[in-house]
Amino acid sequence: MQRVDERGEVAETRRGRRAQRMVSTLLLMASLALGIAAVALYVRDQQQVEQTPVPPTAEPGKNDLVSVANALRAEGIEVEYGRGSTSSPDLDPPGQLLEVDGTPLYVFVYADVASREAEFSALDPASFNLTSPSGRPVDLGTPHLTANSNVIVALAGGSPDLADRVDRAVARLA
């Protein structure tokens, strides 16, 4: 009877070792598969980083606030997006605020060039005024107004050099 017990123990030990080898082999294969997947994802991500698309340029007469901000940056002007909006009795679209070199710049984007041209031709910087959404007047002093394409901008203060750079940036708009 001892022999049977010894054989049973030996057979059980062999089955245990075989199961351990099988589990080890499966874990090895799983870790290899995960390693290959990690390398493939890394290579794919590196290819995407190298192929970062260039932001599209605005279609002529279809500029937006981002187009204006990009044109200002191209002139070396520091640009930050402001909060809130404004309106003017002289202009149809609401104004959007940008801070350019720390100076408020109000941007009015029109649906088309013809609408912008009609309103800009009637503007007088001395009587131009803006109001906040709550109806309070916005202090502009005598703003520097410039326009091109489908955009009018009103610079509230700043140096003559800043006004010239804003003029050049707006002139870049398609």
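Miscellaneous remarks
- Short-range pairs are left out: with C-alpha atoms under 8 Å and at least six residues apart, the relative contact order of the chain is 20 percent.
- Distances between placed amide hydrogens fall under 5 Å for LEU130 paired with VAL138, all partners being 5 or more residues away or on another chain.
- Residue by residue, the stretch 161-170 carries 3J(HN,Hα) couplings of 5, 4, 4, 5, 5, 5, 4, 5, 5, 5 Hz when phi is fed to the Karplus relation 6.51 cos²θ - 1.76 cosθ + 1.60 (θ = phi - 60°); x denotes Gly or Pro.
- Given (i) 21.0; (ii) 16.4; (iii) 18.2, the label whose value is Kirkwood radius over Cα pairs in Å derived from this model: (i)
- Check: the chain dipole with +1 on Lys, Arg Cβ and -1 on Asp, Glu Cβ, in debye: 1760 debye
- Per-residue 3J(HN,Hα) values for the stretch 119-131, derived from phi via the Karplus relation 6.51 cos²θ - 1.76 cosθ + 1.60 with θ = phi - 60°, read 6, 5, 5, 9, 7, 10, x, 5, 10, 6, 9, 10, 10 Hz in sequence order (x marks Gly and Pro).
Every read-out reported here was derived from the displayed coordinates using simple, explicitly stated rules and does not represent laboratory data. These figures come from a predicted structure and were not determined experimentally. As a convention, Cβ positions derive from the backbone with ideal geometry for all residues, glycine included, and neighbour counts pool all protein chains shown.
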